[in-house]
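Here's the structure we're looking at; comments come further down.
The values are calculated or read from the model by the stated rules, or taken from the named source; none is laboratory data. Since this is a predicted model, take the numbers as computed values, not measurements. Cβ coordinates were reconstructed from backbone atoms using ideal geometry, including for glycine residues, and neighbour counts include every protein chain displayed.
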Amino acid sequence: MVPLQEVLRLPSFLAAAPEVRCGDVAAAQVRWVHSSEVYEMGGLLEGGELLLTTGLGLHGRSDAQLAAYVDELVAAGCVALGLELGRSLLDVPAPLERRAAERGLVLLVLGAGSVVPFERHVEDFHELVVRRRTTPGGGESVARRFVDLVVRAAGLPALLDEVARAAGCQVELHDLAGRLVERSRIRTVSAPDATTTVPVAGPRSVRAVLVLRAEEDEHRRRTAEEAAVAVALELGRHADVGGHASVEQALVSDLHAGALVSTAEVLGRLGHAGLRVAPGDPLAALALDAGPAVAPTDLLAALRSCAGAVAVVPGVLGTHVVGVVRLAPGGDTSVLRRRLADLVERLADHLDPGADVLVALTTPDPDPSSLAVRLEDARDLVRLARRHGGPGGVVLARDLGVQRLLTGATEAQALSDFVVEQIGPLVDADRAHGSALLRTLDAYLGHGLSKATTAQALGIRRQSLYGRLERIERLLGVRLDDPGHRAGLALALTAWRLRTGLDPQAAF
């Protein structure tokens, strides 16, 4: 059995920012982590489980049924229930929380941080159990795991991921100038103001610094020191990793750090990196992502090989490949899209099958001094595009204008309140009756209010669509032919996507 407190310190749980609603976390002991949306779950448990659910199986349940659900879990020996909000439920049903408190069931609310797939929680717990069973004392085996990754040539990103799992926090490798070389990619938490740092030795002197983004304790200090040995061995395999940065990488790092302040200096460094820019030429920043299975260093190498007609100075910032792009003065946006789409195709062919390549480009700007901000904007665009649920491809800043406005200018609670106000009754109706009203509204607005096209897209008769639209208007108290009402509903649907990571066409 594993203490629940230890389980909640695993990277995936920390990323989900669990909130304890009731129950004694300190006393709970977990045998296994399981996920299910089945309502009649009690008979399928064996005791000692932390059960994860989005609440899909609780749709339309009465107060008595919600209480009975808790009773069955407790009777089966379940020690904790983790409920992820935002997908099926916007809040914890009060009858469920009351009964959990009465029966002593630990109730956790997940999703205040990142939306983490339940499979990640299960995988992290499985790895924890294996470590506890096979490594009495833990220390030597942890070091062996790190060194094994080096021997198997798994690469620096995989090694840092393993260190992050062992330490329970984000891990970074910095060069001696403090610039980021590589970062762990698994979802976890970081504490910017609390770090554990150890030097990474080279043949003759210190070569880099390993940074654990969390408060130092005995476990993290020991983990960091053991990891530093493995990182030193890994760096010894690649003379260019962690050593002197390339001209392009040095430029990208200096721009990001704000070390270049004058236009002349930026233009000079761009020219030295091979990108000739005349004063007034429009510049933009791009960021690339190919999914968690592709290391940034591999994606960077692919970009250098496949850039073609795209004039770019590339580098790596954190987990993203970024670059400065020179555009033709007065260039056609459609031509730019085609060139970037061609780049995406070439990258997809170059990388392993399954790579989901996404390229995001900021709004062009002739002012070179804005590049530092543009590089971060490009990374934000990639993150936003992934959160919005779209596939890989090309995303320009204007494509996500509404999403950028919602996430940048609105507080999280205000945005949540707006969603509840605008479409909350539809979410409740779909949750209770499976009526597909949210999906219908999304399709109707997405197809330009064409009833024929909407009915065809939904696979229903037009008369059925009319009935759904009438019910939507009745529940919300709006008229769908009112432009103001439609604008509010469209914004709320977009905000709901951003909050839950779900597509309304597949949510219920």
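Key figures for this structure:
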read-out	value
Residue identified as of a type outside the set (D, E), under 27 Å from the mean Cα position of the chain (by Cα) and either closer than 20 Å to V321 by Cα or in a helix (DSSP H, G or I) (or both) among A166, A153, A143	A166
Hey, L83 touching a Cys at 6+ places or on another chain (Cβ under 9 Å), part of a strand (DSSP E or B) and at pLDDT 80 or above or not	no
Matching entry among L476, L449, L458 (being surrounded by 16 or more Cβ atoms within 10 Å (Cβ to Cβ), under 23 Å from H388 (Cβ atoms) and out of contact with any Cys (no Cβ under 8 Å at 6 or more places or on another chain))	L458
Condition broken by Q413, with the remaining ones in (1) without any contact (Cβ under 8 Å) to a residue 24 or more places away in the chain; (2) closer than 16 Å to V310 by Cβ satisfied	(2)
Some residue of region 414-432 being assigned to a helix (DSSP H, G or I) and under 30 Å from L336 (Cβ atoms)	no
Any chance L303 is of a type outside the set (S, T, Y), assigned to a helix (DSSP H, G or I) and modelled with pLDDT of 90 or more	yes
Unique residue being of a type in the set (D, E) and buried (at least 20 other Cβ atoms within 10 Å of the Cβ) when the list is D349, D298, D289	D289
Residue within region 279-302 that is more than 23 Å from L159 (Cβ to Cβ) and of a type in the set (S, T, Y) present	no
Selection within region 191-216 - more than 17 Å from L156 (Cα to Cα) and assigned to a strand (DSSP E or B)	T196, T197, V206
Residue match in region 373-382 (condition: more than 19 Å from the chain's Cα centre (by Cα) and surrounded by fewer than 20 Cβ atoms within 10 Å (Cβ to Cβ))	yes
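Every residue, every condition in (1) surrounded by fewer than 20 Cβ atoms within 10 Å (Cβ to Cβ); (2) assigned to a strand (DSSP E or B); (3) modelled with pLDDT under 90; (4) not assigned by TED's automatic domain parsing to the domain that holds P425, yes or no:
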site: V20; (1), (2), (3), (4): yes, yes, no, yes
site: G43; (1), (2), (3), (4): yes, no, yes, yes
site: C78; (1), (2), (3), (4): no, no, no, yes
site: P95; (1), (2), (3), (4): yes, no, no, yes
site: A112; (1), (2), (3), (4): yes, no, yes, yes
